[in-house]
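Taking it in order: structure first as structure tokens, then the write-up.
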Amino acid sequence: MPELLMPAGNLEKLDYAITYGANAVYFGMVDLSLRSMKTGEIIDEFNVKSAVDLAHKLGAKAYMTANIFAFDEDIDILKNKINLIRDANPDAIIFSDFGILNVLKRELPDIPLHVSTQTNTLNTEAVKFWQDCGITRVILARELSLEQIAKLKKNVPDIELEVFVHGAQCMSFSGRCLLSDYMTQNERKANHGNCAQPCRWNYKLLEETRPGEYYDITEYEKGTTILSPKDLCLIEYLPQLIDVGIDSFKVEGRTKSTYYASCVAKTYRMAIDEYLAKGTFNVEFYKKELLKVRNRGYTTGFFLDKSQKGNYTYAKEPSDIGNTFCVQILAKDEKGFKALIKNNIDVSETYEFVSPKEQFMTKITKIIDEFGNENTKAKTNDIVYLTFEKEPKVFSHSLLRK
């Protein structure tokens, strides 16, 4: 059975991703990861062991990323954290730098190592090289087609291969980019976990002899995201990847929301399980489910071994795509369902209730604020109590969207 591997940017996302169906999660420690988290209970030296223990308690594996491109000062940071990592004992460590590999093999010989997609592994000889280094899993470059992936698995069947199936893509080759460094005067280094994502910014064309005259290359009123790839989505091709024998299906998104981690995990979990049980699955249903999660438009990237004209352009803004995450259910008592409001809600509207085991449409019949007052609306970040026209059987980890 292939592993569904989900991002865990903080402890809450780790919890939700596993509860919604992930077999494993990956997270980074501060200073060693290619994603610097800004919100939530971030995973750092003080709670990395708690993160691994929580994943294990929930029945999943926990992989730690140490995949920056390291300078000597970064190697020193790693060496100072070796005892913390040893104590946390993750199920594997994901790396991309040879110096980090050397330290990990010497200091933590009992922890399996996974080589990051950042190493641009594209061919059989490269996979064999990593195998000879004692690596247990290779995370393949996203620039490979299905045919090429199948050939690699056939040529080197006795090493685990991991493939990205969903999430944001980088405009550079396997993420090796200096655009953020340049556009932020070297303050936001992409390969040290702090990418400003300038490829997602809005641009207009300016000719230097005509200052103030912006030429029309717009696709919407704010400009155009001419450098920004659409998001990868391979839900339709899970059967082929399963049949090839890929060991792990990876979803990108450590900086994305709890809602994203939950809904994407649930969709891929259901699709994988349905195919394994029936030999087929309702691909159109799952594609529609993924459209409910904020995205930049979807593409198959390089997977079909041919360029897609629309990979880098948009007919509308990314923020217009996907459903709105409105409510996170926290608890239940005699007052109703205690909820954190993520986006404004109104009792006059219908919402979709989503939990790990349920999914249905319902209306909010009552909103009670923290002072006991009944209201018809609630605003973002409010804590309120809700009652529903149709109630869930189990409320834990539940979300509402519209």
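Taking H as built 1.01 Å from N, whose amide H comes closer than 5 Å to the amide H of residue 388, not counting residues under 5 places away?
365
Where the centre of each part is set by its Cα atoms, how far does the stretch 87-110 sit from the stretch 134-154, in angstrom?
Here the answer is 21 Å between Cα centres.
Which far-off residues, 5 or more places away or on another chain, put their amide H under 5 Å from the one on residue 169, with H placed in the peptide plane?
232
Can you pull the percent of the stretch 47-124's accessible area that's carbon plus sulfur, 1.4 Å probe, other chains left in place?
Roughly 48 percent, rounded to a whole number.
Could you rank the peptides 138-145, 353-360 by their average count of other C-beta atoms within 10 Å per residue, with the highest value first?
Peptide ranking by packing, descending: 138-145, 353-360.
Could you pull out every residue, at least 5 positions away or on a different chain, whose amide H is within less than 5 Å of the one on residue 382? Hs are placed 1.01 Å off N in the peptide plane, and Pro or chain starts have none.
HN-HN under 5 Å from residue 382: 341.
What is the sum of charges, Lys and Arg at +1 and Asp and Glu at -1, for the other residues whose Cβ falls under 12 Å from the Cβ of residue 88?
-2
Which of the peptides 326-333, 2-9 is most tightly packed, and how do the rest follow, going by the mean number of other Cβ atoms within 10 Å of each residue?
2-9, 326-333
Students often get this wrong, so check it: of 49/332; 287/338; 81/342; 250/292, which have C-alpha atoms separated by over 26 Å?
49/332; 287/338; 81/342
Using just the helices of the chain, give the 222 nm mean residue ellipticity in deg cm²/dmol: DSSP H runs with n ≥ 4 each add -39,500 (n - 2.57), and the total is spread over all residues, rounded to 500.
-7500 deg cm²/dmol
The values are calculated or read from the model by the stated rules, or taken from the named source; none is laboratory data. What you see is a predicted model; the values in this text were computed from it and never measured. Cβ atoms come from the backbone with ideal geometry, glycine included; neighbour counts cover every protein chain shown. Heads up: the accessible areas ignore ligands, DNA and RNA and are worked out on the full protein's heavy atoms, side chains in. Shrake-Rupley method; radii C 1.70, N 1.55, O 1.52, S 1.80 Å.
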